[in-house]
Amino acid sequence: MTMYQVGGSLDYQNPTYVVRKADADLYQGLKNGNFCYVLNSRQMGKSSLRVQMMKKLQAEGFACGSIDLTVIGSESVTPDTWYAGIAFELLKSFALFGRVNFSVWWREHNFLPPGQRFNQFIEEVLLAKIQQNIVIFIDEIDSILKISFKDDLFTFIRACYNQRVDKPEYNRLTFCLLGVATPSDLIADKKRTPFNIGCAIELTGFTLKEAIPALTPGLAAKTDHPERVLKQVLNWTGGQPFLTQKLCQLIADKATTRKPNIAKLVQTHIIANWEGQDEPEHLRTIRDRLLSNEQQTSRLLGIYQQILDASGIPPTPPLERGGKAITADGSRKQTELRLSGLVVQQNGYLRVYNPIYEAIFNCDWVEHELAKLRPYSEGIKAWLESERQDSSRLLRGQALEEALAWAADKNLNSDDYAFFSASQELARRELQRDLAAEREAIQILEQAQREAQRLIQEAKEGTKIERAGVGALREFESQGGQIQALLTAMEAGQALQKLVRDGRPLAEYPATSPLLALQVILDNIRERNQFIGHRGGVWSVSFSPDGQSIATASADRTARLWDLLGNQIVKFTGHRGGVRSVCFSPDGQSIATASADRTARLWDLSGNQIVEFTGHRGGVLSVSFSPDGQSIATASDDGTARLWDLSGNQIAEFTGHQDRVWSVSFSPDGQSIATASDDGTARLWDLSGNQ
């Protein structure tokens, strides 16, 4: 049994309650009579904050009551019963049932509309029966945002504030609103004055200074350096209250030594199989909020995808992020994404809240969810991978019409709209081209009608050949594929040669574009071959020692062996992450690969795995054979290089770099190893691991 509480509101003076700046801000605001609102994502400690504030204010003579709007409900409820429910909860919270016959009072005033009747209840009952200063906490306000008359409640609250000028007794009444919403959500009717009163209380994650008094006592019982452990916890959770309490509890319950491996606990008990062990529910709550509204899910995931791209791959353990930051602009979509709890605003930019979220809701997860949404997911994925150059992936005809109809009522991301725009522009160009070709064909047909049937057929063939030649030249100039463009031009030239066997002069040729295309392509072609087959970026390439084949490594989690004509010989499958490096053994009989899945592997040339090298704590970025072919060296994201024998046994570990090690190489005599790192250094080592 631990002292930490995961989920639910913390009791007053609970020893693990972390006092934040928001506590002082809310206390001072309410004490001064200010209307306050605490609007943030779920499980940030709003309800626990309310409990602490109520007890603290009550101790100073304030009358405090609270309403949980989820208790009253919002489905199939009328305004009359809903306001009656709120009044009933207030009577119960302020213990006024013995002093007021509520059912009689409510019936006697049923000639008034529900909102006005509730206003009278505040004046005639609450303010009349309670002489102290009154604070009403309204929690879970987001639970009523979809009911049609919710604007009336928040309009009434604003009116209570405005009535302080004319009715002094209202100076004793203060409200505090809590929930997952924004001020603009509270009064959505554009014809009404917006909810522009009160003081916003910013509720942020725990800082180390704030968390030490409450959270280190429990850690001290299980660890030697509780403050140091707590700092690691906050590095992983970003100070998110729920996750911080949960990780502290995991340390207390699961740590087997007094120097616990926090990264391993996070991976094992939070990240791995996260949907199955997300109890109490937290990560699924974030997921469900992101995916709850199909009309806006794509746009939210698009923004989040940009934030992920700016952050880079989440390192283990967490390091400083890099990349181009996404500026926080306060837009509705960014705000909705922040309310999910997945991202936070920091120094004017958006970033993923913490490394745990970034590891779970990663790029693969985003792509998977987007693919489930889009009926055109394969096309747009291939188009984006081609850097928006492959027009063959664009939508045409019925497929384009169906996609536009599907997207009509949805908020999609910028990539989707760019894909639609490019597809529509292609359709327009193709229509113009077809119309121009049709006009040309009509002119040719009018001339051909005055000539023999042979010339009619020749004109048709000439038009076809001309288009083929122009198409080949366009393909070559667009850098789409030089060899394919050459083949297309040659086929067009051969067809033209058959058509002009009568020895006519060049000026009378029915088509000349194949000749021009061949001349331009042969004068400028640089490409000798293409090795096509990978479904992701190709990160590494290596020639065999005899120069007769090459090996490639790709982000699609495979390595491949090719002959020099571009024919695939073998496909090496088994890695669970992108393959970052590949190299041949000196005798050319085997291949070594390094992968982001934290392993290196040894293969024969038939694609059979011989050995798996495991031990790195981060992705393996480089692999190299020793000159004698009896060992291999690897370099990793975990900041180390390692030496292995060909049976998969680690011989030496090279530690000292302060950041990921990008590359490793043997000396020609095989007696030393050189490494290159992100820490700005290269280092030379002997084979025992000494620098």
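The values are calculated or read from the model by the stated rules, or taken from the named source; none is laboratory data. Everything quoted here is computed from the prediction, not taken from an experiment. Cβ atoms come from the backbone with ideal geometry, glycine included; neighbour counts cover every protein chain shown.
Have a look at G61, G45 and point out the one that is crowded, with 20+ Cβ neighbours inside 10 Å and on the phi > 0 side of the Ramachandran plot.
Every option except G45 fails the conditions.
For the range 2-32: of the residues being touching a helix residue (DSSP H, G or I) at 6+ places or on another chain (Cβ under 9 Å) and outside any loop (DSSP other than H, G, I, E, B), which is surrounded by the fewest Cβ atoms within 10 Å (Cβ to Cβ)?
For the range 2-32, the residue satisfying everything is K21.
Report every pair of residues separated by at least 6 positions or lying on different chains whose Cβ atoms are under 6 Å apart, first residue within the range 146-165 and farther than 19 Å from N34 by Cβ, second among the polar types (S, T, N, Q) and surrounded by fewer than 18 Cβ atoms within 10 Å (Cβ to Cβ).
Here the result reads I147/S74, each pair linking the range 146-165 to a residue that is among the polar types (S, T, N, Q) and surrounded by fewer than 18 Cβ atoms within 10 Å (Cβ to Cβ).
When you scan the range 95-117, do you find a residue that is among the aromatic types (F, W, Y), touching a Lys or Arg at 6+ places or on another chain (Cβ under 9 Å) and closer than 14 Å to S66 by Cα, even just one?
Among the residues of the range 95-117, not one is among the aromatic types (F, W, Y), touching a Lys or Arg at 6+ places or on another chain (Cβ under 9 Å) and closer than 14 Å to S66 by Cα, which makes the answer no.
Quick check on my filter: what residues within the range 268-284 are crowded, with 17+ Cβ neighbours inside 10 Å and under 18 Å from N40 (Cα atoms)?
H282, L283
Whether any residue in the range 624-631 is under 22 Å from S590 (Cα atoms), in the same structural domain as V570 (by TED's automatic domain parsing), touching a residue at least 12 places away in the same chain (Cβ under 8 Å) and in contact with a Lys or Arg (Cβ under 9 Å, 6 or more places away or on another chain) is what I want to check. Walk me through how you get there before you give the answer.
First, pick out the residues of the range 624-631 that are under 22 Å from S590 (Cα atoms): 624-631.
In the following step, the residues that additionally are in the same structural domain as V570 (by TED's automatic domain parsing) were identified as 624-631.
Cutting the leftovers down to touching a residue at least 12 places away in the same chain (Cβ under 8 Å) gives us 624-631.
Cutting the leftovers down to in contact with a Lys or Arg (Cβ under 9 Å, 6 or more places away or on another chain) gives us none.
Looking through the range 624-631, none of the residues is under 22 Å from S590 (Cα atoms), in the same structural domain as V570 (by TED's automatic domain parsing), touching a residue at least 12 places away in the same chain (Cβ under 8 Å) and in contact with a Lys or Arg (Cβ under 9 Å, 6 or more places away or on another chain).
Do the conditions hold for G618, that is, is it within 29 Å of the chain's Cα centre (by Cα) and assigned to a loop (DSSP other than H, G, I, E, B)?
The answer is yes for G618.
It is to be established whether one or more residues within the range 656-676 are over 23 Å from S542 (Cβ atoms), of a type outside the set (F, W, Y) and assigned to a strand (DSSP E or B).
The answer is no, given that none of the residues of the range 656-676 is over 23 Å from S542 (Cβ atoms), of a type outside the set (F, W, Y) and assigned to a strand (DSSP E or B).
Can you pull out the helices (runs of 4 or more DSSP H) entirely within the range 66-148 that have at least 2 residues that are within 30 Å of G29 (Cα to Cα) and modelled with pLDDT of 90 or more? If you could, list the steps in order and put the result at the bottom.
Values: elements: 69-72, 79-93, 102-108, 114-121.
So the answer is 79-93, 114-121.
Would you point out which residue out of A399, A382 is more than 30 Å from T207 (Cα to Cα), surrounded by fewer than 18 Cβ atoms within 10 Å (Cβ to Cβ) and touching a Lys or Arg at 6+ places or on another chain (Cβ under 7 Å)?
So the residue among A399, A382 that is more than 30 Å from T207 (Cα to Cα), surrounded by fewer than 18 Cβ atoms within 10 Å (Cβ to Cβ) and touching a Lys or Arg at 6+ places or on another chain (Cβ under 7 Å) is A382.
Among the residues of the range 460-472, is there at least one that is modelled with pLDDT under 80 and assigned to a loop (DSSP other than H, G, I, E, B)?
No: the range 460-472 contains no residue that is modelled with pLDDT under 80 and assigned to a loop (DSSP other than H, G, I, E, B).
Would you check if T216 is of a type in the set (V, I, T), over 31 Å from the mean Cα position of the chain (by Cα) and either buried (at least 20 other Cβ atoms within 10 Å of the Cβ) or under 29 Å from H616 (Cβ atoms) (or both)?
For T216, the condition - of a type in the set (V, I, T), over 31 Å from the mean Cα position of the chain (by Cα) and either buried (at least 20 other Cβ atoms within 10 Å of the Cβ) or under 29 Å from H616 (Cβ atoms) (or both) - is not met.
Residue by residue, here is whether (1) in the same structural domain as V579 (by TED's automatic domain parsing); (2) crowded, with 21+ Cβ neighbours inside 10 Å; (3) under 22 Å from T552 (Cα atoms); (4) of a type in the set (A, V, I, L, M, F, W, C) holds:
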| residue | (1), (2), (3), (4) |
| --- | --- |
| D604 | yes, no, yes, no |
| N608 | yes, no, yes, no |
| E612 | yes, no, yes, no |
| L621 | yes, yes, yes, yes |
| D637 | yes, yes, yes, no |
| L643 | yes, yes, no, yes |
| D659 | yes, no, no, no |
| G670 | yes, no, no, no |
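Does W82 meet the test of being surrounded by 15 or more Cβ atoms within 10 Å (Cβ to Cβ), out of contact with any Leu (no Cβ under 9 Å at 6 or more places or on another chain) and not charged (D, E, K, R)?
Spelling it out, it is not the case that W82 is surrounded by 15 or more Cβ atoms within 10 Å (Cβ to Cβ), out of contact with any Leu (no Cβ under 9 Å at 6 or more places or on another chain) and not charged (D, E, K, R).
Please state which of the following conditions Q650 fails to meet, knowing it meets all the rest: (1) surrounded by 22 or more Cβ atoms within 10 Å (Cβ to Cβ); (2) touching a Leu at 6+ places or on another chain (Cβ under 9 Å); (3) not small (G, A, S).
Of everything listed in (1) surrounded by 22 or more Cβ atoms within 10 Å (Cβ to Cβ); (2) touching a Leu at 6+ places or on another chain (Cβ under 9 Å); (3) not small (G, A, S), Q650 misses just condition (1).
Determine, yes or no, whether R439 is basic (K, R) and modelled with pLDDT of 85 or more. Write out each step before concluding.
Details: basic (K, R): yes; modelled with pLDDT of 85 or more: no.
The answer is no for R439.
Among the residues of the range 188-212 satisfying the criterion of being assigned to a loop (DSSP other than H, G, I, E, B) and buried (at least 21 other Cβ atoms within 10 Å of the Cβ), which is modelled with the lowest pLDDT?
Filtering the range 188-212 for residues that are assigned to a loop (DSSP other than H, G, I, E, B) and buried (at least 21 other Cβ atoms within 10 Å of the Cβ), the one modelled with the lowest pLDDT comes out as F195.
Of everything in the range 534-570, what is within 14 Å of G588 (Cα to Cα) and not hydrophobic (A, V, I, L, M, F, W, C)? Give them in sequence order.
S542, S544, P545, D546, G547, Q548, S549, D563, listed by residue number.
For a quick check of your reading: which helices (runs of 4 or more DSSP H) sit entirely within the range 213-274 and have at least 1 residues that are over 30 Å from S340 (Cβ atoms)?
Of the helices (runs of 4 or more DSSP H) lying wholly inside the range 213-274, those with at least 1 residues that are over 30 Å from S340 (Cβ atoms) span 226-237.
May I ask you to list pairs of residues, at least six apart or on different chains, whose Cβ atoms are under 6 Å apart, with the first in the range 562-576 being in contact (Cβ under 8 Å) with a residue 24 or more places away in the chain and the second being charged (D, E, K, R) and outside any strand (DSSP E or B)?
Matching pairs, first to second residue: H575/R557; H575/D597.
Since Q691 meets every condition but one in (1) part of a strand (DSSP E or B); (2) more than 29 Å from the chain's Cα centre (by Cα), which condition does it not meet?
(1)
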